[in-house]
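Scroll down for the structure; my scribbles are underneath it.
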Amino acid sequence: MLKVIFYHRDNCQPCRSAEPGWEELRQAYAGRVVFQKVEVGIGNAADYGIQGTPSFALENGGQRINLVTGGDFAQLRALIKDALQMIDPKVDPKPATTSFNIILIGIGILVSIFLLSKQNGSENE
């Protein structure tokens, strides 16, 4: 089974910023991909073959097949899809639409409406 490993540091702001994208991927590919988080430090980052955090490794059968450094979740999602297709071409590589995604879209719409109404209200004054 495909495994995605999130290498992070506790005091890393980009790592904290990557958390929502990580959680979205975990939910979207639950049951089809194993997700693991590994905290790294200056002394052991090289042991994992990474040069910066956040980093995301894709492994299949214990072999690393790809590594992404930074929070480019569009790239990571594409790599997951490609890896799933490579491992088992019969499996649909698209992420499942989750209620979490639908809720996020709804919240985004509500925030947009609120901001537009505030902007329109301030223009009328």
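Could you tell me how many of the residues in the stretch 21-38 are surrounded by fewer than 18 Cβ atoms within 10 Å (Cβ to Cβ) and touching a helix residue (DSSP H, G or I) at 6+ places or on another chain (Cβ under 9 Å)? Talk me through it step by step, then tell me what you get.
First, the residues of the stretch 21-38 that are surrounded by fewer than 18 Cβ atoms within 10 Å (Cβ to Cβ): 23-24, 26-27, 30-32, 34-38.
Narrowing the set further to residues that are touching a helix residue (DSSP H, G or I) at 6+ places or on another chain (Cβ under 9 Å) leaves 23-24, 27, 32, 35, 37-38.
Result for the stretch 21-38: 7.
Select, from Gln51, Gln63, Gln75, Gln13, the only residue that is surrounded by 13 or more Cβ atoms within 10 Å (Cβ to Cβ), among the polar types (S, T, N, Q) and in the same structural domain as Pro89 (by TED's automatic domain parsing). Give the steps one after another, and end with the answer.
Details: Gln51 fails: surrounded by 13 or more Cβ atoms within 10 Å (Cβ to Cβ); Gln63 fails: surrounded by 13 or more Cβ atoms within 10 Å (Cβ to Cβ); Gln13 fails: surrounded by 13 or more Cβ atoms within 10 Å (Cβ to Cβ).
Result of the check over Gln51, Gln63, Gln75, Gln13: Gln75.
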Select from the stretch 35-78 the residues that are among the charged types (D, E, K, R) and in a strand (DSSP E or B) and list them in ascending order.
Lys37, Glu39, Glu59, Arg64
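The values are calculated or read from the model by the stated rules, or taken from the named source; none is laboratory data. Only a predicted model underlies this, so the values are computations on that prediction, with no experimental measurement involved. Positions of Cβ are backbone-derived with ideal geometry, glycine not excepted, and every protein chain shown enters the neighbour counts.
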